[in-house]
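Derivation of every value follows stated rules applied to the coordinates shown; laboratory data play no part. Just so we're clear, the structure is a prediction, and the values are computed from it rather than from any experiment. Reconstructed Cβ throughout: ideal geometry from the backbone, glycine too, with neighbour counts over all protein chains shown.
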Amino acid sequence: MTDALRYPYVAADSELGEASLRPFLPLTLTHQGHSIEAVGLLDTGAMVNVLPYQLGIDLGAICTKTC
């Protein structure tokens, strides 16, 4: 087994205090030579991952015209 990694919990809304703490994962998305720095919500129990539409467009990974 590999060593576990730890990611800090960051407050998403300072008015909510600890209730707004979420673990964020810094990452680099790359597609066909285009790279974007992004931050994702770390959810180890998720069954589905979602890429925001605008990030897909910025990477050139989403067809914006009839393909």
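Per-structure values
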item: Test: residue in the stretch 45-57 that is assigned to a strand (DSSP E or B) and out of contact with any Ser or Thr (no Cβ under 8 Å at 6 or more places or on another chain); result: no
item: Residues of the stretch 1-25 satisfying the condition of being exposed (fewer than 10 other Cβ atoms within 10 Å of the Cβ) and out of contact with any Phe, Trp or Tyr (no Cβ under 8 Å at 6 or more places or on another chain); result: M1, T2, D3, A4, L5, R6, S14, E15, G17, E18, A19
item: Residue within the stretch 42-53 that is of a type in the set (V, I, T) and either in contact (Cβ under 8 Å) with a residue 12 or more places away in the chain or surrounded by 10 or more Cβ atoms within 10 Å (Cβ to Cβ) (or both) present; result: no
